[in-house]
Amino acid sequence: MTKHSKNNTASSIFSYAEYKKLDYGTKRQRLGNESMRRFDACALCLNRAREPVACGEGHLFCKECVYTDLLTQKKDIQTQKKKLEALTQEVEEEKVRAKEAARERVLRDFEKGQLGLSAFPSATGTKSGADEPRGTKRKFAFDSSTVENLAREAEEAALREIEREQADALKN
């Protein structure tokens, strides 16, 4: 490979043949009458401005074009807000469904554990070498806040388990 071929693209200036391949045209072709907007033309409809209105930056518009453009933008914003509200409501409903599914799973696991059908050993089983004599009833001292905390923790654990299962299902 010669030195000239290595440095062929190093220059930012194109050759005459390269310009012709680009089909870029001359300045007169690129910046002709049709590429320039008239001074009194509306920036939205590109026609001669009827009842002209200028913005703070000096752009010229037709009064009718400005109003129609603002109304369409307002309608678009309203539809986007409705879509956003629908999406947020859908997300909230999905969270409620997921929480309800977690609660059902906790209850099902608890019932299986009480019936002895659970695959996991129950934490409420009998202790070996208990201090109390066999046959006496144990009394638990739980207040309502402790029960609520335990139920919430169990639901959160079940919810994490459901999310993990869904993620595994998506991977496969």
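Rolling a 1.4 Å probe across all protein chains gives residue 57 an accessible area of roughly 150 Å².
Taking label points 7 Å from Cα along the Cα-to-Cβ direction, residue 149 and residue 84 give a separation of 3.9 nm.
With all protein chains in place and ligands, DNA and RNA left out, the 1.4 Å accessible area ranks 162, 77 as 77, 162, largest first. By how many nm would the segment from residue 14 to residue 92 lengthen if fully extended, with 0.36 nm per residue of separation less the alpha-carbon distance? Here the answer is 22.2 nm. Amide H contacts for residue 44 (H built 1.01 Å from N in the peptide plane; partners 5 or more residues away or on another chain; cut-off under 5 Å): 62.
Could you work out the local net charge near residue 68, counting Lys and Arg as +1, Asp and Glu as -1, over the other residues with Cβ closer than 15 Å to its Cβ?
On the way: positive: 50, 63, 74, 75; negative: 51, 64, 69, 76.
Around residue 68, the charge tally is 0.
Within the assembled protein chains, the solvent-accessible surface assigned to residue 96 is about 100 Å², based on a 1.4 Å probe. In the assembled protein chains, residue 50 presents an accessible area of approximately 130 Å² (probe radius 1.4 Å). Measuring from centroid to centroid over Cα atoms, what is the spacing of segment 136-172 and segment 85-114 in Å? What the calculation gives is 12 Å, centre to centre.
Using R₀ = 22 Å, calculate the FRET efficiency as 1/(1 + (r/R₀)^6) where r is the Cβ-Cβ separation of residue 40 and residue 67; round to 0.05.
On the way: r = 19 Å, r/R0 = 0.87.
Once the sixth-power term is evaluated, E becomes 0.70.
The values are calculated or read from the model by the stated rules, or taken from the named source; none is laboratory data. These figures come from a predicted structure and were not determined experimentally. Positions of Cβ are backbone-derived with ideal geometry, glycine not excepted, and every protein chain shown enters the neighbour counts. Ligands, DNA and RNA are excluded from the accessible area calculation, which covers all protein heavy atoms including side chains. Shrake-Rupley method; radii C 1.70, N 1.55, O 1.52, S 1.80 Å.
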